[in-house]
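Data block below; observations after.
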Amino acid sequence: MNKAITQGLVLMPPPFSAGLGLWSREDGLSGQGSYLAQPNAAFVSADQDFGDCLELQKTVTTQKLRCFQSIPFQPGLYLRVTARVKAISGALPTVRIAGWAGNGGGANVTSADQQGPVVALPGYGVPVTVTAIVGSGNRPGVDMVWGTAPVFGHFGIDLTGPTGGVVRIDDISIEDVTDVFHSDMFDWVDVRDYGAVGDGITDDRAAFDAADAAAVGKRVVVSPGSYFIGSHLTFENPVQFEGTITMPDSQRLACTRNFNLDTYAAAFGSELKGFKKALQALFYFTDHIALDLNGRRVELTEPIDVAALAGLTSFTARRTLTNGNLVAVAGPAWTTGTASAVATYAVTNPLELTAVSNIAAIPVGARVIGTGVGREVYVRAKNIATNSLTLSQPLWAAAGTRSYSFERYRYMLDFSGFTALTRFQITNVDFSCEGVASAINLAQTGSVFIVSGCMFGLVKDRAITSTGEGCQDLHIDTCQFFSADQGLPAQDRKSLVFNTNANDIKIRNNRSSRFGHFAVVSGSGAIFAGNHFFGGDDQQPGLRRAGVVLTLPDCKTFFTGNYVDNCFIELSNEHDATPAYGGSFSFGSLTITGNSFTAQHVQPWFNWVVVTPRGPGHFLYGLTITSNVFYARSGNIDRVEAVDSTHATLAYNSFRNVHMHSNTFTGVALRAESPMLVEHTQSTAADTWAVDTGGLLPFGGRARNVVGLVFEGAVSNSANATQYVTPYVQVEQGAGAQFANLKWPVAVKGKAQVTIRVDNPA
């Protein structure tokens, strides 16, 4: 910066050739004496060193020379006053730059330093340059600190030391050297000052590096222009983009001191391009773990393949994407990929389809659809050479050769190109799918992927998909999900909030509105807590679909404190190539406790907990349904729980450790319970008392055990004589094996409290 140029300041005093009357022998104030016609001063022309100059004899202790011209001064201005002096004869004096500082009222500012450093003249005929810098700030290199009070000055020199000597003085110059202090005065450096061209063609990488190296904690300013950067570029200092840059897609920009979307959007002139480059850089930082989107909206015109963007296939360090809005803009890039093929499936090779026709057209990550295929089965890999596809889950009833169709959904953030991704976190991001896109596709493998505080709006197909095992220890917390097909009847919806294939997921405090399903979960160790998901519609009465589908029979899952609204929990084994029970554990290891279940405008046969075995021989083992509220708001439903026997039924004689009690029922006709307390009154004497459970054992199960028997009052014969006899028990009696018989040695009557279980204790 040069104020003489930018503000038109006149700084240069007059030359001596203009007349010695312009030069004061005092402080330069109006009315003071000049050097015109003084006996100790003369104008000399054609000096061999100076040309025109002033010859002056020192006659007083401090011989002053000041220009009468008022030189303007202001805060932030730095002036360099220069005089060239040589001794001619006599005693050698000393020389210093000097000035008189005046304020707005014309008075001297006595606090200003008005003399510069003293310089001794070394001998005769030797020119010596005497300089001093005058400035408002007490900065290194400033010889005369004037502060902010002065508004003008009279400048020149002082001759000090011995008197009598004669000197010659070249024209005194004053120049604006504010730019010398530029880097110290301001907190930025400009890439243009270090050779950046900014024509969009020349590679300005070296200039950017130089500016960054010079900044040393200050901002690097990329002034207006278009700058081409041909290779990776890292800023170790804060950077401010007024111009834009272009880079090859494979090259990275790392803004280590202001790593956020604002910076990258400014750098590339686009939120979308800036977001991509910032997301790319996120995987390479060691001093940043989070990309802040600054609350900005980024419009995506196509899916983002995150692994391809990063140039990586594996990443295990924690990274976070946070605080912004990603919006899918309608266009052909979001069109679902579809294909069909004939393929062969064998239960001995449960994760492969072989002899696949048209295999080249089938995209990896596509969902497999066909007879005998369970929900949320995806293509994990394909081998064109062997015409085979690797599946995410087995098929439950697809042995042999048949036709399949495939759908590849389009995700705003697609991580499936990572073979492994661990500890990636997305927080406080709104995914506006706009009815054209899905949101997140997980990596092939990995753990602790966290989605929290996010909003998923108008999801077309899937909010979060796992086509492999990148869902290990998946966390979904405090998110909201809205389906694009929520206006459809429940049975026509195809959308899904999420699916998993691996273990240990934590699903907490989320809200989901009118998806086909909230979750399809294959794996064990799941925790569902505090979620509210509803699948109702405007049909009266309407059909309802499962909210949560658990496809691993022995699922080891807690389901606690949720609000299940117009949908149900389904236990299934549809991801089993041999779905008939073959040993080990069956449906169970599931705790459903402290939840609120509600429904309205449903058919009487609607149920909130449904078991759907795909093959025979299965049973319940370790199932707890306690302390829940079941509320049918518009008319009675038959019962809470049921077995869907479309494919097979349960082996009721094998139930183990089934607990269903302490629940609250409203609008439910048959209120199942086990252990069940039945009050049986035998009015006429008989040797067999048939105790009826009334179909109230869970899942229509059998009266497997009598674990308690208490009589109210005496047991008597037909003559009302008390009988001191003891019965024995027969279980699984009568229609549906839902009776327990008390067998007496004689015919008796009375009242008994009988506790019956639907299972055998574990």
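The values are calculated or read from the model by the stated rules, or taken from the named source; none is laboratory data. All of these numbers come straight from a predicted model, not from anything done at the bench. Every residue, glycine as well, gets a Cβ built from its backbone with ideal geometry; the counts of neighbours run over all protein chains shown.
Numbers at a glance
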read-out	value
Enumeration of residues in the stretch 234-246 that are surrounded by 21 or more Cβ atoms within 10 Å (Cβ to Cβ) and either in contact with a Lys or Arg (Cβ under 8 Å, 6 or more places away or on another chain) or part of a helix (DSSP H, G or I) (or both)	F235, V239
The stretch 20-44, subset hydroxyl-bearing (S, T, Y) and either part of a loop (DSSP other than H, G, I, E, B) or modelled with pLDDT under 95 (or both), residue surrounded by the fewest Cβ atoms within 10 Å (Cβ to Cβ)	S30
Positions within the stretch 154-176 being touching an Asp or Glu at 6+ places or on another chain (Cβ under 9 Å) and either of a type in the set (D, E) or surrounded by fewer than 21 Cβ atoms within 10 Å (Cβ to Cβ) (or both), in sequence order	V166, R168, D170, D171
Residue within the stretch 262-276 that is assigned to a helix (DSSP H, G or I), within 27 Å of A328 (Cβ to Cβ) and among the basic types (K, R) present	yes
F711 vs. criteria within 15 Å of V658 (Cβ to Cβ) and not in a loop (DSSP other than H, G, I, E, B)	no
Unique match (being without any contact (Cβ under 8 Å) to a residue 40 or more places away in the chain, assigned by TED's automatic domain parsing to the domain that holds N40 and within 21 Å of V60 (Cα to Cα)) among V119, V130, V166	V119
Spans of strands (runs of 3 or more DSSP E) in the stretch 170-226 with at least 1 residues touching a helix residue (DSSP H, G or I) at 6+ places or on another chain (Cβ under 8 Å)	173-176, 188-190, 219-222
Restricting the stretch 115-141 to residues that are in contact with a Phe, Trp or Tyr (Cβ under 9 Å, 6 or more places away or on another chain) and among the β-branched types (V, I, T), the residue that is surrounded by the fewest Cβ atoms within 10 Å (Cβ to Cβ)	I133
Criterion: surrounded by fewer than 18 Cβ atoms within 10 Å (Cβ to Cβ) and among the small types (G, A, S) - qualifying residue of A399, A463	A399
Given (1) under 20 Å from L421 (Cβ atoms); (2) part of a strand (DSSP E or B), index of the condition A443 fails	(2)
Subset of the stretch 502-539 that is under 24 Å from the mean Cα position of the chain (by Cα) and more than 22 Å from C454 (Cα to Cα) - its residue that is surrounded by the most Cβ atoms within 10 Å (Cβ to Cβ)	A502
Yes/no for G147 being over 30 Å from F208 (Cα atoms), buried (at least 17 other Cβ atoms within 10 Å of the Cβ) and not assigned by TED's automatic domain parsing to the domain that holds V216	no
Residue list for the stretch 419-443, filter: surrounded by fewer than 24 Cβ atoms within 10 Å (Cβ to Cβ) and over 15 Å from the mean Cα position of the chain (by Cα)	T419, A420, E434, G435, V436
Top-ranked residue in the stretch 125-169 [being part of a strand (DSSP E or B) and of a type in the set (D, E, K, R); ranked as farthest from S17 (Cα to Cα)]	D158
Candidates E712, E679, filtered to the one that is in contact (Cβ under 8 Å) with a residue 60 or more places away in the chain, more than 19 Å from A642 (Cα to Cα) and acidic (D, E)	E679
Among the candidates D158, D179, residue that is closer than 20 Å to L11 by Cα, at pLDDT 95 or above and of a type in the set (D, E)	D158
Residue in the stretch 66-73 that is exposed (fewer than 15 other Cβ atoms within 10 Å of the Cβ) and not aliphatic (A, V, I, L, M) present	no
